1. Testing the spin-label approximation: label points 7 Å from Cα along Cα→Cβ at residue 100 and residue 81. State their distance in nm.
2. Determine the calculated [θ] at 222 nm for the chain from helices alone, applying -39500 (n - 2.57) to every DSSP H run no shorter than 4 residues and normalising by the residue count; nearest 500 deg cm²/dmol.
3. Taking amide H positions as placed in the peptide plane 1.01 Å from N, state which residues far from residue 68 in sequence (5 or more) or on other chains have amide H under 5 Å from it.
4. Determine the distance separating the Cα centre of segment 67-88 from the Cα centre of segment 15-60; give it in Å without decimals.
5. If we count other beta carbons within 10 Å of each Cβ, what is the order of 91, 105, 33, fewest first?
6. For the residues 116, 36, what sequence is obtained by ranking on other C-beta atoms within 10 Å, fewest first?
7. Whose amide H sits under 5 Å from the amide H of residue 94, counting only residues 5 or more places off or on another chain, with H placed in the peptide plane?
8. What nm value, rounded to one decimal, do you get for the distance between residue 38 and residue 54 when each label is placed 7 Å out toward the C-beta?
Amino acid sequence: MIRFTKSHEWIQVQDGNRGTVGITDYAQKELGEIVYIELPKLGQVVKAGEEACVLESTKAAADVYAPVSGKIIAVNEALRNAPSTINQTAEESGWLFKIELTHPEELKSLMDFNQYESIIK
């Protein structure tokens, strides 16, 4: 199951309480070429809607927000040396971090693909 936020993050949930988070393809196109990323720290605890990491592009810097509350259990280390991977596959190998959800019910407040698509048109 993939869910989306109004601020253009996505989360794909596996095993009920673990999710992979990234920005949408739409967001990476709006940002332009991503040249730097500040990933969250392993073990960091975030709340839904809080800044989790920062992307810098040739156009601007952008905060990436946690779509749900939880603990960061993995980060995409490959992005440190190749942040432009996000531009190539934002919704696949350009994922940012993995999170262990502390409040899975927060997923209910996120959008499905059709709802998200309607806000970006």
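Derivation of every value follows stated rules applied to the coordinates shown; laboratory data play no part. Predicted model only: the values in this text are computed from it and were never measured. Virtual Cβ from ideal backbone geometry, glycine too; neighbours counted across all protein chains shown.
1. Inter-label distance under the simple model: 2.9 nm.
2. Only helices count here, giving -4000 deg cm²/dmol.
3. Those lying under 5 Å, H to H, from residue 68 are 49.
4. A separation of 6 Å, based on Cα centres.
5. Sorted ascending by nearby Cβ count, the order is 105, 33, 91.
6. Starting with the residue having the fewest Cβ neighbours, the order is 36, 116.
7. 89
8. 0.2 nm
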